[in-house]
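Participant: Have a look at this one.
Throughout, read-outs are computed from the coordinates displayed, never taken from laboratory work. Computed from a predicted model, the values in this text were never measured in an experiment. Using ideal geometry, Cβ is built from the backbone for each residue, glycine included, and neighbour counts are taken over all protein chains shown.
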Amino acid sequence: MKVLVATDGSEYAMKAVRRALEIAEHEGAEVTVISVAFYSREDLKDMPPGVREKLEALAVEALASAKALFDAKGIPVKTILEAGLVPANIIIRTAEEGGFDRILLGSMGFGGLKRIFLGSTAAKVVANAPCSVTVIR
């Protein structure tokens with residue numbers, strides 16, 4: 001089984017990462033963790049200095065935190081760093097192109113630098129994913 005878990009480093013996203021780790025431990029799933037830096041590459045010229053780097057650093061930090069959990073258990077995990085304005089679209093595209101069997105993501109997360117709630121990324125992934133989706137609370 002191939003599992004894609006999306007994280008932005010938030011509380012619920014890390015719960016999804018821990019659930020993916022359990023699935024890898026008990027079912028031998030192949031896990032890939034994705035984090036999306038929340039911005040549009042087309043808008044980079046209009047962003048204040050340092051914002052892009054800050055958003056990318058947050059995504060890199062989220063991936064590092066997730067990977068550390070897997071490394072501590074000696075379980076292999078792949079990581080993907082992406083950037084874009086609509087994280088749900090990137091998660092869905094990655095699931096399609098990668099032939100994933102399941103997506104895990106938190107019910108709430110961070111949108112850029114502010115908190116957003118269920119109804120945005122999670123709802124869009126649930127509605128449009130090419131595979132099963134588990135939303136973690």
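Participant: Treat the count of other C-beta atoms within 10 Å as a stand-in for reagent exposure and order Arg93, Arg19, Arg137, Arg102 from fewest to most.
Facilitator: Fewest-to-most Cβ neighbours within 10 Å comes out as Arg137, Arg93, Arg19, Arg102.
Participant: Another question, then. So if each residue of separation counts as 0.36 nm, and I subtract the Cα-Cα distance between Glu82 and Ser132, what length gain in nm does that give?
Facilitator: 15.8 nm
Participant: For Val33, list long-range residues whose amide hydrogen, built 1.01 Å from N in the peptide plane, is under 5 Å from its own amide hydrogen.
Facilitator: The list, which skips near neighbours in sequence, is Val5, Lys78, Thr79, Ile80.
Participant: Return the Cα extents of the stretch 46-85 along principal axes one, two and three, sorted largest first, each rounded to a whole Å.
Facilitator: Ordered largest first, the stretch 46-85 gives principal extents of 42, 15, 9 Å.
Participant: I would also like to ask the following. Do you know the relative contact order of the stretch 2-136, to the nearest whole percent, from alpha carbon pairs under 8 angstrom that are 6+ apart?
Facilitator: Once divided by the residue count of the stretch 2-136, the mean separation gives 34 percent.
Participant: What is the calculated FRET efficiency for Arg93 to His26, with r their C-beta to C-beta distance and R₀ = 25 Å, to the nearest 0.05?
Facilitator: 0.30
Participant: Quick one: angle between helix 51-73 and the longest Cα principal axis of the chain, in degrees between 0 and 90, rounded to 10, please.
Facilitator: Roughly 10 degrees, rounded to the nearest 10.
Participant: How large is the Kirkwood hydrodynamic radius of the chain, counting all unique pairs of alpha carbons, in Å?
Facilitator: 14.7
Participant: If you don't mind, there's one more thing I want to ask. Give the long-range amide H neighbours of Val133: residues separated by 5 or more places, or on another chain, with amide H under 5 Å away, using H modelled in the peptide plane at 1.01 Å from N.
Facilitator: It is Ile103, by chain and number.
Participant: So what is the 222 nm mean residue ellipticity for the chain from helices alone, if each DSSP H run of at least 4 adds -39500 (n - 2.57) and you divide by all residues, rounding to the nearest 500 deg cm²/dmol?
Facilitator: Result for the chain, helices only: -14500 deg cm²/dmol.
Participant: Sticking with this structure for a sec: Roughly what % of DSSP beta bridges within the chain run antiparallel, to the nearest 5?
Facilitator: Given both bridge residues lie in the chain, the antiparallel proportion sits at roughly 10 percent.
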